[in-house]
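No value in this document is a laboratory result; all are computed from the given coordinates. Predicted model, so just to flag it, every value in this text is computed and none were measured. Here the Cβ positions follow ideal geometry from the backbone for every residue, glycine too, while neighbour counts run over all protein chains shown.
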Amino acid sequence: MSLNLTKQKIQMDFYEVSVGVIKRLKGVWPFDIYIKRSENAYSKLFLKDDTIDQERVSEYNQNKGVQALYVHTDDYRKYTYYVEEIAKGIMSSQSLNKENTDDLADMIKELSDFSDDGDFCSK
């Protein structure tokens, strides 16, 4: 397999996800979360079933400038389920503020990206 094909395969294995959505998850991680180290290298940052450490998420976001994290394509449907649930919670909330509406816009974009792909594995 050529280097270019290998690079494309690695990129097809992961979906970019919003840090804003990740910041709203509570409890334990429902899936592994990855960080992109280079164009074709990803490292597991948070393990499935570990307690969610929002301080660490914020540290990567605020101190290291990480704006996106990644989930494996095998977990993308599960991720979109959580996006939908969080979006429903925001929409049913009595008070929409700028942060909520910005996060909601990110979630709608991610869900539309998912549906535009048709089959989420065909990215």
Expected sort for 32-45, 52-65, 70-83 on mean C-beta neighbours within 10 Å, highest first, is 70-83, 32-45, 52-65
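Mind checking the dipole of region 35-75: about its Cα centre, +1 per Lys or Arg Cβ, -1 per Asp or Glu Cβ, Debye to the nearest 20?
220
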